[in-house]
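So the structure is just underneath, and the comments pick up after that.
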Amino acid sequence: MSAETDLYDLLGVARNADDATIKSAYRKLAMKWHPDRNPGDADAEAQFKAISAAYEVLKDPQKRAAYDRFGHAAFQNGGGGRGPQPDFGDIGDIFETIFGSAFGGGGRQRPQRGADLRYDMDITLDDAFHGKDTEIEIEVSVACDSCKGSGAEPGTGTRGCNLCKGYGKVRAQQGFFMVERPCPNCHGRGEVLEDPCHSCRGEGRVDKAQALKVEIPPGVDTGTRIRLTGKGEAGPRGAPPGDLYIFLHVKPHNVFERDGTSLITRVPISFTKAALGGCVEIPDLDGSTNTIDIPAGIQSGKQLRKRGSGMPVLQGRGRGDLIVEVIVETPTKLSKEQKALLEQFRETETGDECPQSRGFFDKIKDAFGA
């Protein structure tokens with residue numbers, strides 16, 4: 001990069017160009033002058049290094065500000081101490097930032113964390129109400145006892161990979177470009193085992209049945225997820241383990257349906273209790289009894305609410321509500337005395353006893369002139 005060459009002119013952008021414009025300009029020029037597309041062309045290689053060096057300065061806000069103020073002197077040794085000289089030695093790192101690992105850069109892969117696992121558990125509504133401490137048994141990959149998760153036979157270690165020379169990646173020609181891929185010999189680690197552990201065959205983990213304690217808090221519902229940190233699959237060769245997620249499924253209950261923190265039940269009552277009023281008793285999941293007052297003249301489908309008698313609030317205080325839906329039941333088996341009493345009641349009916357029925361038939365008369 002010549003001291004007289006303006007960096008903005010090298011990339012063909014204005015001095016007030018934003019980062020996106022500078023990046024786009026560099027992409028186009030880098031594709032044009034990349035050595036893989038111009039094999040044996042020294043001028044193209046020099047041009048590629050020049051535009052890469054220019055981009056290295058202009059992509060960094062601090063370096064760009066120093067260049068705008070002092071020019072090339074900001075990066076020259078002895079240039080008034082204005083700033084450090086940029087390092088343009090590894091052009092592949094710059095190129096990888098723009099185009100990804102296909103054009104260089106990279107290095108050894110980091111150890112991969114063990115996989116997360118899922119366990120589905122069925123519980124009763126009573127378990128969801130009271131909470132429960134239980135134990136599950138699962139088969140999961142755990143750290144090998146023989147090698148302590150290292151994957152190496154005790155007393156041995158690792159050595160640099162001969163194929164990638166410890167770099168973790170290998171290069172291959174693809175058309176105009178040189179493409180990097182993880183080393184197939186060391187799988188990107190840059191090193192291989194001197195003597196793999198005979199118990200785990202070098203994996204550093206083995207499958208083993210484990211008994212785990214699970215604490216289910218009160219108020220859980222279907223879909224609630226409990227996380228057991230570090231109880232998932234062990235990572236390869238000493239890498240951190242994943243987590244175990246327990247998904248809860250609450251079984252249907254014979255009496256109650258659930259809607260969030262509310263409990264819903266449907267209670268059939270006789271038509272005499274509906275007409276005269278009364279009360280019904282509903283068992284509570286805490287072992288007590290809820291007494292629900294039935295007002296006189298209640299209609300079928302009416303819902304009565306008792307606050308604070310539903311499900312506990314998960315990780316909170318208090319309880320939801322108990323909702324009782326009343327179903328008025330018409331008798332199907334009547335004795336002679338009961339029929340006689342009902343006939344007597346019918347003879348004394350005026351229509352005011354059932355205002356909804358009377359209102360409905362009045363609408364029919366208005367609509368059809370009956």
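Using alpha carbons only, the radius of gyration of segment 124-272 set against its Kirkwood radius gives Rg/Rh = 1.30. Using C-alpha pairs under 8 Å with a sequence gap of at least 6, the mean separation divided by the residue count of the chain gives a relative contact order of 13 percent. Peptide packing: for 221-230, 7-16, the average count of neighbouring Cβ atoms within 10 Å per residue gives the ranking 7-16, 221-230, highest mean first. Seen against the Cα atoms of the chain and their longest principal axis, helix 42-58 is set at about 50 degrees. With helices as the sole contributors, the chain gives -7500 deg cm²/dmol at 222 nm; each DSSP H run of n ≥ 4 counts as -39500 (n - 2.57), and the sum is divided by every residue. Quick note on the chain: its Rg to Rh ratio, both from C-alpha atoms and Rh being the Kirkwood radius, is 1.32.
Heavy-atom accessible surface of the chain, averaged per residue, reaches 61 Å², computed with a 1.4 Å probe.
Just check segment 289-370 against the gyration tensor rule for me: Cα atoms, a ≥ b ≥ c as the square roots of the eigenvalues, rounded for a/c under 1.5, and otherwise prolate or oblate depending on whether a/b exceeds b/c. Oblate is the answer for segment 289-370, as a/c is 1.5 or above yet b/c matches or exceeds a/b. Distances between placed amide hydrogens fall under 5 Å for Glu191 paired with Cys161, all partners being 5 or more residues away or on another chain.
Between Ile264 and Asp126, what is the FRET efficiency for a Förster distance of 22 Å, r being their Cβ-Cβ separation, to the nearest 0.05? For Ile264 and Asp126, the calculated efficiency is 0.85. Remark: the Ala340-Ile226 segment gains 34.8 nm on full extension, using 0.36 nm per residue and subtracting the alpha carbon distance. Sorting 235-244, 314-323, 28-37 by average packing, meaning the other beta carbons within 10 Å per residue, from highest down gives 235-244, 28-37, 314-323.
Here the label points at Asp18 and Glu281, each 7 Å from Cα along the C-beta direction, are separated by 7.4 nm in the simple model. Modelled spin-label separation between Ala46 and Thr134, with each label point placed 7 Å from Cα along the Cα-to-Cβ direction: 7.6 nm.
Helix 19-33 axis versus longest C-alpha principal axis of the chain: approximately 50°, rounded to the nearest ten. Taking 45 Å as R0, compute the FRET efficiency from the Cβ-Cβ separation of Arg37 and Ser146 and round it to 0.05. Once rounded, the FRET efficiency stands at 0.30.
Scanning residues 5 or more positions from Thr222 or on other chains, those with amide H under 5 Å from its amide H are Val250, with H placed 1.01 Å from N in the peptide plane.
Hey, in the GNM for the chain with a 10 angstrom Cα cutoff, which one of Gly166, Gly114, Gly287 fluctuates hardest? Its mean-square fluctuation being the largest, the pick is Gly287.
Candidate cross-link partners of Lys132 among the lysines, defined by an alpha-carbon separation under 28 Å and a same-chain spacing of 8 or more, comprise Lys208, Lys213, Lys231, Lys251, Lys306. This model, with +1 at the C-beta of Lys and Arg and -1 at the C-beta of Asp and Glu, gives the chain a dipole about its Cα centre of some 580 debye.
What do you get for the angle between helix 355-368 and the principal long axis of the chain? Use alpha-carbon atoms, 0 to 90 degrees, nearest ten. Compared with the principal axis, the helix lies near 80 degrees.
Assign one of three labels to segment 148-228, namely rounded, prolate or oblate, based on the Cα gyration tensor with a ≥ b ≥ c the square roots of its eigenvalues; rounded applies when a/c is under 1.5, prolate when it is not and a/b is larger than b/c, and oblate otherwise. Oblate. Amide hydrogen proximity for Gly232: with H placed 1.01 Å from N in the peptide plane, the residues at 5 or more positions away or on another chain lying under 5 Å are Gly242, Asp243, Leu244.
Here segment 8-79 is assigned +1 on the Cβ of each Lys and Arg and -1 on the Cβ of each Asp and Glu. Its dipole about the Cα centre then comes out at about 200 debye.
By accessible area, using a 1.4 Å probe on protein heavy atoms only, segment 182-252 has 46% of its surface on carbon and sulfur.
Applying a DSSP loop filter and a limit of 10 other Cβ atoms within 10 Å to the GluC sites (Glu not before Pro) in segment 254-331 leaves nothing.
The values are calculated or read from the model by the stated rules, or taken from the named source; none is laboratory data. Please read these numbers as outputs of a predicted model, since none were measured by experiment. Positions of Cβ are generated from backbone atoms using ideal geometry, with glycine treated the same way; all protein chains shown enter the neighbour counts. The protein model used for the area step is the full one, side chains on, heavy atoms only, and it has no ligands, DNA or RNA in it. Shrake-Rupley method; radii C 1.70, N 1.55, O 1.52, S 1.80 Å.
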